[in-house]
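First up is the structure itself, then whatever we jot down about it.
The values are calculated or read from the model by the stated rules, or taken from the named source; none is laboratory data. For clarity, every value in this text was computed on a predicted model and none was experimentally measured. Here the Cβ positions follow ideal geometry from the backbone for every residue, glycine too, while neighbour counts run over all protein chains shown. The area values use the complete protein model at the heavy-atom level, side chains included, leaving out ligands, DNA and RNA. Shrake-Rupley method; radii C 1.70, N 1.55, O 1.52, S 1.80 Å.
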Amino acid sequence: MQNLSLYIHIPFCVKKCDYCDFLSAPASEEVKERYMQALFSEIKSRGKRFANCRTETVFIGGGTPNVIAPEKIRELLEHVREAFHVCGDAEITMELNPGAAGGTEAFRQYKEAGINRLSIGLQSAKDEELRLLGRIHTFSQFEKTWSEAREAGFTNLNADLIYALPGQTVESWRQTLETVCAAGPEHISAYGLILEEGTPFFERYASLTKAEEEKREERDRQMYALTQRVLSEAGYARYEISNYAREGKACRHNLVYWNRGEYLGVGTGAASLINNTRFNNTSDLITYIQNHGIFPYQNIQSLSEQEQMEEFMFLGLRLIKGVEIERFRRLFHKEIESVYGEVLEKNYRDGLLKCEDGRIFLTSRGLDLSNYVSAQFLF
């Protein structure tokens, strides 16, 4: 039976953060209800094609999924189980914003609905930095949310963090890392801020002098190195460039993406990879609702073998364990050296890649220059 992962997009939030370029926005309760009904229709329709697949992970993302009432989340997962063959040990994750949390009872309802992993968007333990980001919560609200999730019985929690904020110091970032480690999450995601064009942050902070840019880059490198050191000392194993976990708690859903497993996205703008074909849903909320979530896919791209190999390398090299040589041979019926021999040899010589135990992976220095290394595998 073929394995499948399911991503469900909830495009609503209380307030759009100043750095965010995700497909999300505030909406009325009427619009949220109409969207959920359209989502249920799409799940039912798409499930017919994948009835014989084993759904091993489900990820409810956004936006802020917890702006939807807990009973509606329960109904959502009931529709998922009716339409898809969800494994008994499936990892079922929901993203959550502390500023929209509904208390211990809401967490109990999430758990009863089958959610067994929560990804809580903290971003910073400093209230002034949260205000800078445009977040709707304070650190004390995060602490309360965290406590309520634990009280409800959740044993697999992720804390989402962002560093390299405008004006943020290395010491401030250290304090956030140490504070979060003290809370004892099973998983920590720590991403460097990217100034996305079209966001308020881009308008405010993208224009820097050369000297300012060099100073920011040096500070960001220090924060990047500090992240690895603090989290390692606290017992978190780095398994992907920006993700750390206790033993056995790596995010199974995200591993599907990095290993080019098959996944189906439902909801506005949701992307999919099935049979080496990429496609996505409409990003237009009104179109989605009016068509009851059922419409032709957009941006359909059948990947050539060359494109598949490129993705295998630049996605797989994000993982600390790197890519498996035998898997490359099995998938493409070619030796990896016959395709990338020159690139591999160059990066071995430069100390950026290493080959060991049947795997090719980034060295410590290679991880620091991962974008540079990965770009070399694009034809």
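Annotations
- Of all residues in the range 331-375, those satisfying the criterion of being among the acidic types (Asp, Glu) and at pLDDT 95 or above are 335, 337, 342, 345, 350, 356, 357.
- Considering residues of the range 170-229 that are without any contact (Cβ under 8 Å) to a residue 12 or more places away in the chain and hydroxyl-bearing (Ser, Thr, Tyr) only, the residue nearest to residue 17 (Cα to Cα): 207
- Matching option when the condition is over 18 Å from the mean Cα position of the chain (by Cα), open to solvent by less than 10 Å² (accessible area, probe 1.4 Å), farther than 26 Å from residue 287 by Cα and without any contact (Cβ under 8 Å) to a residue 60 or more places away in the chain, among 101, 90, 106: 106
- Pick from the range 159-187, criterion among the polar types (S, T, N, Q) and outside any helix (DSSP H, G or I), ranking: nearest to the chain's Cα centre (by Cα): 168
- Within the range 3-29, being more than 23 Å from the chain's Cα centre (by Cα) and open to solvent by 40 Å² or more (accessible area, probe 1.4 Å) holds for 28, 29.
- Residues considered: 252, 278. Of these, the only one that is open to solvent by 30 Å² or more (accessible area, probe 1.4 Å) and in contact with a Leu (Cβ under 9 Å, 6 or more places away or on another chain) is 278.
- The residue that is farthest from the chain's Cα centre (by Cα), counting only those in the range 329-366 that are polar (S, T, N, Q) and either within 13 Å of residue 316 (Cβ to Cβ) or open to solvent by 60 Å² or more (accessible area, probe 1.4 Å) (or both), is 338.
- Just one of the numbered conditions (1) of a type in the set (A, V, I, L, M, F, W, C); (2) more than 30 Å from residue 220 (Cα to Cα); (3) at pLDDT below 95 is not true of residue 328: (3).
This table checks each residue for (1) small (Gly, Ala, Ser); (2) touching a strand residue (DSSP E or B) at 6+ places or on another chain (Cβ under 8 Å); (3) modelled with pLDDT under 95.
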{"position": "265", "(1), (2), (3)": "yes, yes, no"}
{"position": "276", "(1), (2), (3)": "no, yes, no"}
{"position": "284", "(1), (2), (3)": "no, no, yes"}
{"position": "303", "(1), (2), (3)": "no, yes, no"}
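- Enumeration of residues in the range 145-168 that are at pLDDT 95 or above and surrounded by fewer than 18 Cβ atoms within 10 Å (Cβ to Cβ): 147, 150, 151, 153, 155
- Here residue 297 fulfils each of the conditions (1) over 22 Å from the mean Cα position of the chain (by Cα); (2) open to solvent by 80 Å² or more (accessible area, probe 1.4 Å) apart from (2).
- Tally of residues being at pLDDT 95 or above, surrounded by fewer than 21 Cβ atoms within 10 Å (Cβ to Cβ) and more than 16 Å from residue 171 (Cα to Cα) across the range 119-137: 0
- Within the range 30-39, being open to solvent by 10 Å² or more (accessible area, probe 1.4 Å) and touching a Gly at 6+ places or on another chain (Cβ under 9 Å) holds for one residue alone: 37.
- Taken together, the residues in the range 188-200 that are under 27 Å from residue 238 (Cβ atoms) and either of a type outside the set (D, E, K, R) or more than 25 Å from the chain's Cα centre (by Cα) (or both) amount to 8.
- Test: residue in the range 208-227 that is part of a strand (DSSP E or B), modelled with pLDDT of 95 or more and open to solvent by less than 40 Å² (accessible area, probe 1.4 Å): no
- On inspection, residue 280 qualifies as free of Cβ contacts under 8 Å to residues at least 60 places away in the same chain and more than 30 Å from residue 341 (Cβ to Cβ).
- Candidate set: the range 41-60, residues that are at pLDDT 95 or above, part of a helix (DSSP H, G or I) and open to solvent by less than 10 Å² (accessible area, probe 1.4 Å); chosen: the one farthest from residue 289 (Cα to Cα): 43
- Test set (1) touching a helix residue (DSSP H, G or I) at 6+ places or on another chain (Cβ under 8 Å); (2) at pLDDT 90 or above; (3) among the hydrophobic types (A, V, I, L, M, F, W, C) - residue 13 fails condition number: (2)
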